Amino acid sequence: MSNNPEVNPAQYSQIYNQQQTEQFTQSHTKKKWYDDFKLLFDMVKDKKFDMNNTSYITITGALAYVVLPTDIVPDFLPGLGWVDDALVLKLVVDSAKTEIQRYKNFTFGQRG
């Protein structure tokens, strides 16, 4: 993801907006990638979870990229508009596996 100059997580991280992301989340619950998106969003929202800076920048960048309608493949293109968004989410989930597992362990510990 970071090798492509058009997809810069730090750039998107700067324009991340939690309220806009919450609205987006509520309107896309039936998408196949929703669970990954929601997990990443929960990680960013959770003020008790101490996420490392690199993961935070990468995840908020990915969330902003998915939420914003203007990206490499605009979201209004039927059938294609969400392909790049799903790919970005998959790349971030794959690259942040350790941090995601740490968050799952953290939230499990909070319930117990």
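The values are calculated or read from the model by the stated rules, or taken from the named source; none is laboratory data. Predicted, not measured: the structure shown is a model, and the values here were computed from it. Neighbour counts run over all protein chains shown; Cβ positions are idealised from the backbone, glycine included. Accessible surface is based on the protein model in full, side chains and every heavy atom, while ligands, DNA and RNA are left aside. Shrake-Rupley method; radii C 1.70, N 1.55, O 1.52, S 1.80 Å.
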- Message: Residues that are closer than 14 Å to TRP33 by Cβ and either touching a Ser or Thr at 6+ places or on another chain (Cβ under 9 Å) or among the basic types (Lys, Arg) (or both): does region 96-111 have at least one?
- Response: no
- Note on the structure: For region 54-112 the number of residues that are surrounded by fewer than 15 Cβ atoms within 10 Å (Cβ to Cβ), at negative phi and outside any helix (DSSP H, G or I) is 11
- Query: Taking into account only those residues within region 32-53 that are part of a helix (DSSP H, G or I) and within 13 Å of SER95 (Cβ to Cβ), which is least open to solvent (accessible area, probe 1.4 Å)?
  - Reply: LEU40
